[in-house]
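The values are calculated or read from the model by the stated rules, or taken from the named source; none is laboratory data. Remember, predicted model here, so these are calculated numbers, not experimental data. Reconstructed Cβ throughout: ideal geometry from the backbone, glycine too, with neighbour counts over all protein chains shown. These accessible areas exclude ligands, DNA and RNA; they are computed on the full protein's heavy atoms, side chains included. Shrake-Rupley method; radii C 1.70, N 1.55, O 1.52, S 1.80 Å.
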Amino acid sequence: MFGKLKGYRTDGNKVYFEYEGSKTSPVLEAITDNIVNVLVDYTGGGHRTRAVEGELGKRLNAGKNASEEELLTQVAQEKSGVILKTASLTVVVGDDFMVDFYDKENQPLSLAYRGTRNLGADLDKASKELLSKEGHGISDRAADYPVQELRALDAKDCIYGLGDKTGVLNKREYEYEMWNSDIPDPQEDNFKSLYKSIPFFLLLKEKTCCGFFFDNHYKTFFNLGKECPDYLVFGAMEGNLDYYFIGGRNMKEVVGNYTFLTGRAPMQQMWTLGYHQSRWGYRTEEEIREIARKLRDSDLPCDCIHFDIDYMDHYKVFTWNPDTYKDGRQVISDFKEMGIKAVTIIDPGVKLEKDYYVYEEGVKEGYFATTPEGEIYVNEVWPGDAVFPDFGDAKVRSWWAEKQKFLIDLGVAGVWNDMNEPASFRGPLPDDVVFTDEDQPAPHKAIHNIYGHNMAKATYEGWKEYSGKRPFVITRACYSGSQKYTTGWTGDNHSIWAHIRMAIPQLCNLGLSGLSFVGTDVGGFGSDSTPELFARWIQLGCFSPLFRNHCAVGCRMQEPWQFGEEVLSISRKYMNLRYELLPYIYDLMHECEQTGLPVMRPLVLEYPEDEQVRNRNDEFLLGDRMLVSPVVEQGAREKLVYLPEGVWYDYWTGETLEGGQSYIRKAPLDTCPIFVKAGAVIPKYPVRTHVGKEKDELLILETYPGEGIYTHYQDNGEDFEYRRGAYNEYRLINHNGRLDMEMLHEGYQGYGKIEIRNKSQK
Ligand code: GLC
């Protein structure tokens, strides 16, 4: 469609190309040495990025050069096409706008696919009729998207990322759509979309890795070698072809560069790393108080109880139900005395009700989405008829930010944003409902995928402004870049074995996609958990960044004491372990803010050249030195564990195990196999009931035989003082158990005591 390349011109780091067959001039722009943007401006509106923010985002949206530095070291016409070079990449642009990316050693990172799409044939009418008789869905033949990009695939290529998609870790041979969706049916491997849209994936070849971020927030499509093993295709029906090619020397650097572009998850308050107890269906204040009491009486550590929609007055956001939940301030302050914080749910749907202050304020100011005719658009959510704040408008975000004061004043500690796809009960919102996309009106179809992002941003900004603490926001829906504002959970899973299995690749891919602070509903949301499933899920949950037990009204109660003494004691064991590991997980959160690397990592991120780990769905790493291999099969009391290269120690028995091979490890119900890499230092706290308790009194440094360097980070765990230098950083050098400690930065009170514990080898 572009035809022959006629010529090019440069403007700073941008190169504009002219083609015989196209009026649109595609542009390549070096954003950094490792990031190149490709833009075909079909809409004429240029970039409309909501994922890339700050100065960089502003420059992109204004059509300016993203960087003032000279990044292009060479632009020259050669036989193969126009060659662009940065310090790290070589890009060749040829006829038909074929764009090939190489690293500086000229190894191909990703080549354009030069064939045509293999769209397959439509089903014949008779088969369609038969299928529909039994109620099967029928998918039409794939379409050629007006906006699309085809990239060649090699036989061994693997693909990771794409946010919260279901199914396996390696997304090669699968297809997905980005359209934030609340689908209440139990999630299956073949679901194309879910709550979040993170159109970023990593392409791992035998020796190289690169990433693609397709920054188009209309509905987008990804077919990753399913349509044809020779190529992957991503596309959209509308908007621009606007993607970032992301290089790096390895997979970790690619993740780092993607998060450089879209932002990194900031440090959370330390208590958010504790155990969270939740359930939809704590119907009264007495019930929720009883939960807090039981947690303490059962000697279970816990930092937080979530208040689901039950606490609100008729599901009206920013209200408190005085009949069933009585005096909110009192409950919350009583919980505080027990070391338990309150997080409340807030949905976007505002109840349509005369004299309800949030509704009236929004109507008066014109803050709700409208029909094309200008009437306020109404659909149904929990409160019945509801209207939808137009979060793409900065004024609406400030208003929403200010509304958070209602919760902050009550003593609430964080907000859980739900239903923000947005979900609606009377059918989906029509494409043409009128919202705003910053500086202009935009139809629903153009902003749907960034609705949750904008809501989380408004919430974050309110908490940052009015609470003085690091805002704790959890969201269900989001887009690329939301990690700057919010943590996330994977929505309504079920208490089934398929879903505990799914949790591992799903959380790992979310982490690779920038959203590092994530968790599943531990125990499962829908359906009834069983003692065994719950025990195994607590073992997995205790290593996921967000550790929240949550389930649905009507399902079996799911607090750790609901499954008998054995499961209660297993729960206590792993919840205690979580609290011991807090300083380690906190260090990982700090690393994430610095580098973008996730807390929970698929093995492939650390060992990308090991073919054994490229499709490993049932184990993961916590950081780079602790390997967790949870049991996710009913009845299993052994686990086949693969350990990558190097020496590992069994966390429970101390046994030495040589990596690069598999082992059958014993895994009775109270054992989740865990392994620590030789030379590791793991910082720990003594067990405590909640984070605030004696946080800095004692730090335990557990050392494992071998040589290694570790950096430990410490700050007040609450506010932004660390950004003004109020933190300590310790470099710990492990020489086979003898630990040298060096202060890299001293700006915060130290520990009362530091104790070194050598783990001996067996
Ligand atoms: C949605 C959420 C779930 C919550 C429920 C009621 O289904 O995903 O977590 O409990 O709404 O608020």
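Odds and ends about this structure:
- Neighbours by Cβ (under 6 Å, 6+ apart or cross-chain): first from the stretch 267-290, within 17 Å of Thr689 (Cβ to Cβ) and assigned to a helix (DSSP H, G or I); second away from the ligand (no atom under 16 Å from the Cβ) and not basic (Lys, Arg): Met270/Tyr586; Met270/Val691; Met270/Gly717; Trp271/Asp303; Trp271/Val691; Thr272/Phe472; Leu273/Leu582; Leu273/Ile585
- Picking from residues in the stretch 8-45 that are over 30 Å from Arg249 (Cα atoms) and of a type in the set (Gly, Ala, Ser), the one that is surrounded by the fewest Cβ atoms within 10 Å (Cβ to Cβ) is Gly44.
- Filtered by the rule that a residue be surrounded by fewer than 19 Cβ atoms within 10 Å (Cβ to Cβ) and within 16 Å of the ligand (Cβ to nearest atom), the stretch 374-423 gives Glu380, Gly384.
- Flag if Lys156 is touching a Phe, Trp or Tyr at 6+ places or on another chain (Cβ under 6 Å), at pLDDT 95 or above and over 17 Å from Ile246 (Cβ atoms): no
- Residues that are within 22 Å of Pro301 (Cβ to Cβ) and either assigned to a strand (DSSP E or B) or not aromatic (Phe, Trp, Tyr) (or both), drawn from the stretch 679-694: Ile682, Pro683, Lys684, Pro686, Val687, Arg688, Thr689, His690, Val691, Gly692, Lys693, Glu694
- Count - residues of the stretch 177-214 that are touching a strand residue (DSSP E or B) at 6+ places or on another chain (Cβ under 6 Å), more than 16 Å from the ligand (Cβ to nearest atom) and open to solvent by 10 Å² or more (accessible area, probe 1.4 Å): 3
- Single residue of Phe221, Phe260, Phe234, Phe245 found to be more than 16 Å from the ligand (Cβ to nearest atom), in a strand (DSSP E or B), touching a residue at least 60 places away in the same chain (Cβ under 8 Å) and open to solvent by 10 Å² or more (accessible area, probe 1.4 Å): Phe221
- Across the stretch 662-678, not a single residue is classified as part of a strand (DSSP E or B) and either modelled with pLDDT under 95 or acidic (Asp, Glu) (or both).
To keep it simple, each residue is scored yes or no on (1) of a type in the set (A, V, I, L, M, F, W, C); (2) out of contact with any Leu (no Cβ under 8 Å at 6 or more places or on another chain).
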{"site": "Asp157", "(1), (2)": "no, no"}
{"site": "Thr166", "(1), (2)": "no, no"}
{"site": "Leu169", "(1), (2)": "yes, yes"}
{"site": "Glu175", "(1), (2)": "no, no"}
{"site": "Trp179", "(1), (2)": "yes, yes"}
{"site": "Ile183", "(1), (2)": "yes, no"}
{"site": "Leu194", "(1), (2)": "yes, yes"}
{"site": "Glu206", "(1), (2)": "no, yes"}
{"site": "Phe213", "(1), (2)": "yes, no"}
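- With a requirement of 2 or more residues that are out of contact with any Leu (no Cβ under 7 Å at 6 or more places or on another chain) and of a type in the set (S, T, N, Q), the helices (runs of 4 or more DSSP H) lying completely within the stretch 327-419 that satisfy it span 328-337.
- Enumerated helices (runs of 4 or more DSSP H) restricted to the stretch 464-583, each holding at least 1 residues that are in contact (Cβ under 8 Å) with a residue 24 or more places away in the chain and over 26 Å from Val691 (Cα atoms): 497-512, 531-541
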